[in-house]
Amino acid sequence: MDDWRSYDRVAETYERVHASRFAEPARALVAAAGIGAGDRVLDVGTGTGVAAEAAADAGATVIGIDESLGMLEVGHRVRPKLRLVAGTAIDMPVRNGSFDVVMGNFVLAHFTKYQTALFEASRVLRPGGKIAYTSWSDGPDAYQEAFRELIEGVVPREMLAPAYAEAAPWHDKFRKRGAIEEVLIDAGFRRVRTEQHKYRWTYTQAEYVDGLETWATGRFVRKMLGESGWISFTDRVRATFATEFADPLNDFRDVWTAVAIKE
């Protein structure tokens, strides 16, 4: 994996471990945006098409766009009826005013230049169209803290913070309702509505540890350690989790949905 920030290598794991769970906030976002039959929807950062599928299930005509060819390959196989295309959130190959809704499931924090990404979303929206995003609103839990302690035992802390900031530079910012509302208003959107949703996702310990490789810290540490080192490290993570936590794991997550209108 030349670029640890890429999701190409972890696409299969993402689909197997996280897709069904991330579909829940995607469906909440579709409902919050009032997406329905006849709507033209663009799902930015679609990954394997989880949110695009939720919009399609509501009757919309959907295009999903993502820069990870690995994620798109899995999406094409698992959700063959969806139209998923390669592209970035910046300078999208889409005509002005083409869509009724632009949505993104957990992507806002990953945009290096979120102002430009929001401008681009506004460009492809028709007047009166809606923009809709989900964003994590919770902080680290006991599972994440345990993983972080194990990581800091193999990779110096001073290397981890810049790496995480590079992969998800606005994670902390967009945990806050006010920050989400402010950037949408600054981007020219109006009638911003935000709502918090709470989820409990149950993982087996094996699933949860497997899924850690999809997070920014997991991808970075895997690159740093190499394959043999990563296998050894995850064996240690499994042993630690087996000692400290009951199986299965109940993962409680809080999520914002944010919807605004282009006027």
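In table form, for the structure just shown:
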read-out: GluC sites (Glu not before Pro) within the range 1-89: DSSP coil, no more than 16 neighbouring Cβ in 10 Å; value: E67
read-out: Charge sum, other residues only, whose C-beta stays under 13 Å from G87's C-beta, Lys/Arg counted +1 and Asp/Glu -1; value: -4
read-out: Computed [θ] at 222 nm, deg cm²/dmol, the chain (DSSP H ≥ 4; -39,500 (n - 2.57); rounded to nearest 500); value: -13000 deg cm²/dmol
read-out: Part-to-part distance (alpha-carbon centres) for the range 92-166 and the range 222-263, which is given in Å; value: 17
read-out: Assigned charges on the beta-carbon of Lys, Arg, Asp, Glu; the chain dipole about Cα centre (debye); value: 880
read-out: Pairwise centroid distance, computed over Cα atoms, of the range 1-71 with the range 194-218, Å; value: 16
read-out: Packing-based exposure ordering (other Cβ within 10 Å, fewest first) of K173, K198, K130; value: K198, K173, K130
read-out: Global form of the range 7-118, assessed from the alpha-carbon gyration tensor, a/c cut-off 1.5; value: rounded
read-out: Hydrodynamic radius by Kirkwood, which averages 1/r over all alpha carbon pairs of the range 51-199, in angstrom; value: 17.3
read-out: Ascending count of other beta-carbon atoms within 10 Å, so fewest first, for M224, M71, M103; value: M224, M71, M103
read-out: Distance histogram in 5 Å bins (all Cα pairs of the range 127-227, percent per bin); value: 2, 9, 17, 19, 16, 14, 10, 7, 4, 1, 0
read-out: Around D2: net Lys/Arg minus Asp/Glu count, Cβ-Cβ under 11 Å; value: +1
read-out: Förster radius 30 Å - calculated FRET efficiency between D186 and V154 (Cβ-Cβ, nearest 0.05); value: 0.15
read-out: For the range 154-166, 3J(HN,Hα) per residue [Karplus equation, 6.51 cos²θ - 1.76 cosθ + 1.60, θ = phi - 60°, Hz, x = Gly/Pro]; value: 10, 10, x, 4, 5, 8, 6, 4, x, 5, 5, 5, 6
read-out: Integer Hz, Karplus 6.51/-1.76/1.60 couplings in order for the range 44-49, x for Gly and Pro; value: 8, x, 5, x, 8, x
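Each value in this text was obtained by applying a stated rule to the coordinates, not by laboratory testing. A quick note: this is a predicted structure, and the numbers were derived from the prediction, not measured. When we count neighbours, we look across all protein chains shown, and the Cβ atoms used for this are built from the backbone with ideal geometry, even at glycine.
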